[in-house]
Structures are given as C-alpha cells and as structure tokens.
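Below: the structure, in structure tokens.
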Amino acid sequence: VVGAGFGFAVGLRNDAVREHTITHRFGGTSWVTVTPAESPRPLSNGRLMFRGDLDRLGDDATSGQVVVFASAAGFGELTAGRPVRFRARIGRPTRHDLTVATLTATGAPTLGTAGALQRAAQAVRIRFAARAVAVLPADQAVLLPALVLGDTSAIAPVTAAQFRTAGLTHLTAVSGANVTIVCGAVLLSARVFGPRSAVALAAVALTLFVIVVQPSASVLRAAVMGAIALLGLLSARRRRAIPALSAAVIALMIAAPQLAVDVGFALSVAATAALVVLAPQWSAGLVARGVPKMLADGVCIALAAQLVTAPLVAAVSGRLSVVGVIANLTVAVVIPPITVLGTAAAALCSFWPSAAGLLIRFTGPELWWLLRVAQTGAALPGAAVPVPSGWAGLMLVGGGSIAAIVLWRRRWFRMA
C-alpha cells in the first residue's frame, strides 16, 4: 500500500514536470529569477553550477527545481537563499529527477537579498573560513571548512582528485558524525536544564546546524535520523539505528522524492546501514580471535563502508579505489578531533574569534596528516583502477564484493 501511494504521488509530480510551462521555452532564452538552494560549486574554465528554485519565468510567477550553469565572474558572490535575476538559455533537464529545466546564464545577474537566517549562516561560513586562513597554512585552511561545514568551494582540483583516488572524498560530506557531535554537546546540558529542555535545545541546534552547512542529501539523512533519535529520547523508547534509518528514508521520500535518484543520498544510506549491520558483527568476530577492540572496530568500519559504497562510486566515476580501506583506517584517528575542534570553532567564530582561532590551530597537525595520507595514497601505483561505469560497473564491483564476503570463510582465500 505504501509503495502504491508513493508511486501515485511521484507519478503526479512527474506529470507536473512534463506539463510545466517552461517546457514550451526549451531552446529559447528568457529572463528568470532563481533562488539557489546551495552555494554555487566551481567548475572548470571559470564557470560554476548550482541548484535552485525557479521563482519567475519572464514576468510570471512559477515554481520548480532547476540546475543553473553560469560564469564565476558575475555569479561569484551568489549564496544559498539569495535570489538572482538573469537572462538564460533554457534547455531540457539532464537528470531523471524532478528538475524542470537546465538554465545557462547568458547575461549579467541582478542579485537580491537573502533571508536573515541565510545571511547569518553565510556569515558563520565566511568568518570560519577567514579564521582558518589566518592561522593555518593555505592547503590546510581550505580543507578545514570542507570537513566541518561541507564547504568544498575553495579546495584545489588537485587535492580533490587526490582525495577521490585515495577513497577519502566522503570525509568532505557533512553527515552523521557532525550531527552526533552537535546534538551530543547540547545534550550534555541535561543536568542543568533538565532532559526535556536539553532535547529541545538539541533540536534547535540541529536545525541551525543544517541551515549553516546547507541541506545536502547526506546532511538531510543524518538530520532526520538525529531528529528521530531526539524524539526517542523524549518518548523513552529504545533507540535502534535501523528503524531510525528506515524512518528517515521514508520521511525524506515523502518530502523530497527526487532524493531517490541522488547518488549522495544512496551513498549516505548505504554506508550508514553497513556501519550498524555489518561492522559490529565483523568486529565481534575479530575480537573473539584476539584482535584488540579499537583496532577491530576501525578495520571493520572502514571495510564495511568501502564494500557497500564502492559499487555506487564505480558506477558513477568508472574507477575503483584500491587503497581506500587502508587510507581510511590510517586517517581514522585524526577525524574525530578535527570534527570536534572545528565544530566548536565554527560556533565561537562569530563572538569569540580568538578562542576560535586557538581551536583551529590545534587542528593543524591532524589536517597535515590527512593531506599527506591523501597525497601518498593517490601517488601509489594502481591506487585506483578503471572499471565500467553505469550498471556494468555496479554489477561488476558489487558482485566482486559479495563474492569476497562469501569466500572469506575459506582459508585459501584469506591467505591470498
């Protein structure tokens, strides 16, 4: 029944996209007003891309999701939530989601004013990045906002390629660890304010955090799971990860069905499921064989996440990172202090810059190590191997992963 309901609802939305008034403008140009849902992402050749909501087509009010390509020269100051009016060439959407059109800017933009919350969030991001630049070397300063706030706009293409080859790109996507730290820090106030007030404060902090980091697919998944966990605290129910993950997926499919074909959302859900289903069982098996608990947890978390996400990554990129497990295991020890210190610094940078700068300075050694691991891993011969993209790569790498799990019980395979 639920599946039929979803099918009907998504069918109605798809029909609304097909019948949208902008379809009659494909191939032409028009003035448009768009409110970005995210900060623009830099592309090659001085261009950028962002997703947003279409507010006006010509002089008529309208709605719908669009993808915009524009020159960085005119749109460089654009931020999430800040409406912009420009003349654009209108093309058919290239993704099979609820996007109604692809817009290519052909004229100079006229920027509007973002809402108060969006302006405050952007101020936090700017101040945090400025403090990082003031106290850290350049390569570390651009990496810290990516790890803490998911702001990858300043990362050099070479560094991004190294992280991709070494299987470390997921670290720059804000997800469950960040949400856990934000909510956990506020919940520590329960003894002062009482449990119910602490949960309410954690909910407010979670909402503000999502606004600051911007609601990407992985952030939404983690935030909804966090909200469900907070409700569990209020209702005194036992918290279980898989029901919370399932509820988060259902809730987000109702609110934003286009996430069903979003690779970032699929990666986030698959990795979370692996961490709570596969990793604990594998870790218990290693501990029973005499492996120290911390080492067993680290190895199994890295291995489980790599196995379930590798098929999706291969399908999208056409490459498989061979060093991903080792690289993730090598940097595992530095990620928690970077996340904790960076999140605290971001919270302090607006009203106590000197304290924020001190906390940021303490992340320097950890960032140095992370960069060295990415560089070394990417430089190894055969660090990433080419595989077919699309369904062929998904089936090849996925089948190989399943075969490896099944054959691991055989001694000759483990030795090999």
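For region 286-325, backbone nitrogen atoms closer than 12 Å to the point 7 Å from residue 403 Cα along Cα-to-C-beta are found at no residue. Packing order of peptides 194-201, 137-144, 391-398, 68-75, highest average first: 137-144, 68-75, 391-398, 194-201 (average count of other Cβ atoms within 10 Å over each peptide's residues). Could you work out how far helix 263-288 tilts from the main Cα principal axis of the chain, as a 0 to 90 degree angle to the nearest 10? Relative to the chain, helix 263-288 is tipped by roughly 10 degrees.
With a 1.4 Å probe and all protein chains left in place, how much of the accessible area of region 234-286 comes from carbon and sulfur atoms, in whole percent? The C+S portion of the solvent-accessible surface of region 234-286 is 66 percent. A 1.4 Å probe run over the protein chains yields, for region 85-127, 54 Å² of accessible area per residue, whole-number rounding. Charges were assigned to the Cβ only: +1 to each Lys and Arg, -1 to each Asp and Glu. The resulting dipole of the chain about its Cα centre is roughly 780 debye.
The distance between label points at residue 10 and residue 24 comes to 3.0 nm (points 7 Å beyond Cα on the Cα→Cβ vector). Considering only 191, 25, 41, the Gaussian network model of the chain with Cα springs below 10 Å gives its largest mean-square fluctuation to 191.
Computed over the Cα atoms of region 73-145, pair by distinct pair, the Kirkwood hydrodynamic radius stands at 15.0 angstrom.
Report which label in (i) 0.97; (ii) 1.44; (iii) 1.01 holds the value of Rg/Rh (Cα atoms, Kirkwood Rh) derived from the coordinates of this structure. Of the listed options (i) 0.97; (ii) 1.44; (iii) 1.01, (i) comes from this structure. Dipole of region 225-327 computed with +1 at Lys/Arg Cβ and -1 at Asp/Glu Cβ about the Cα centre; of 291, 243, 324, farthest Cα towards the positive end is 291. Accessible area per residue for region 175-222 is 48 Å², calculated with a 1.4 Å probe on protein heavy atoms, without ligands, DNA or RNA.
3J(HN,Hα) couplings calculated from phi for region 213-228 with the Karplus curve 6.51 cos²θ - 1.76 cosθ + 1.60 (θ = phi - 60°) are, in sequence order, 7, 6, x, 6, 4, 5, 5, 4, 4, 5, 5, 5, 4, x, 5, 5 Hz; Gly and Pro show x. Over the chain, what relative contact order in percent results from Cα pairs under 8 Å that are six or more residues apart? Taking the mean separation of contacting Cα pairs over the length of the chain, I get 14 percent. Distance between the pseudo-spin-label points of residue 385 and residue 156 (7 Å out from Cα toward the beta carbon): 3.1 nm.
Carbon and sulfur atoms: what percent of the 1.4 Å accessible area of region 15-81 do they account for?
That share works out to 49 percent.
In the chain, helical runs assigned H by DSSP with n ≥ 4 each contribute -39500 (n - 2.57); averaged across all residues and rounded to the nearest 500, the mean residue ellipticity at 222 nm is -19500 deg cm²/dmol. Positive end of the dipole of the chain (Cβ unit charges, origin at the Cα centre): among 226, 302, 172, the Cα lying farthest that way belongs to 302. The order of the peptides 247-253, 342-348 by mean Cβ neighbours within 10 Å, most packed first, is 342-348, 247-253.
Annotation: for a label point projected 7 angstrom from Cα along Cα→Cβ of residue 260, residues of region 56-71 with backbone N closer than 20 Å are 64-66. In the Gaussian network model of the chain, springs joining C-alpha atoms below 10 Å, which of 374, 355, 88 carries the largest mean-square fluctuation? Top of the fluctuation ranking is 355. A crude spin-label estimate for the pair residue 139 and residue 291, with each label 7 Å from Cα along the Cβ direction, gives 3.1 nm. Counting only Cα atoms, the size of region 73-204 along its three principal axes is 58, 35, 35 Å, in decreasing order.
From the square roots a ≥ b ≥ c of the eigenvalues of the alpha-carbon gyration tensor of region 240-390, which class results: rounded (a/c under 1.5), prolate (a/b over b/c), or oblate? Verdict is rounded for region 240-390.
The smallest convex shape that holds all Cα atoms of region 111-267, its convex hull, gives 160 Å³ per residue. Normalised size of region 180-265, defined as Cα radius of gyration per 2.2 N^0.38 Å with N residues, equals 1.13.
Note on region 224-279: Rg/Rh from C-alpha atoms, Kirkwood Rh, equals 1.00. Remark: the residue 53-residue 1 segment gains 15.6 nm on full extension, using 0.36 nm per residue and subtracting the alpha carbon distance. Just to confirm my numbers, what's the Cα centroid distance between region 85-143 and region 345-416 in Å? Using only Cα atoms to place each centre, the spacing works out to 27 Å. Sorting 272, 106 by accessible area puts them as 106, 272; the probe is 1.4 Å, largest comes first, and only protein heavy atoms count.
Computed with every protein chain present, the accessible area of residue 24 is close to 150 Å² [probe 1.4 Å].
The values are calculated or read from the model by the stated rules, or taken from the named source; none is laboratory data. Because the structure is a prediction, the values reported are computed rather than measured. Heads up, the Cβs are rebuilt from the backbone with ideal geometry, glycines too, and the neighbour counts pull from every protein chain shown. For the accessible areas, the whole protein counts, side chains as well, though only heavy atoms, and no ligand, DNA or RNA atoms are used. Shrake-Rupley method; radii C 1.70, N 1.55, O 1.52, S 1.80 Å.
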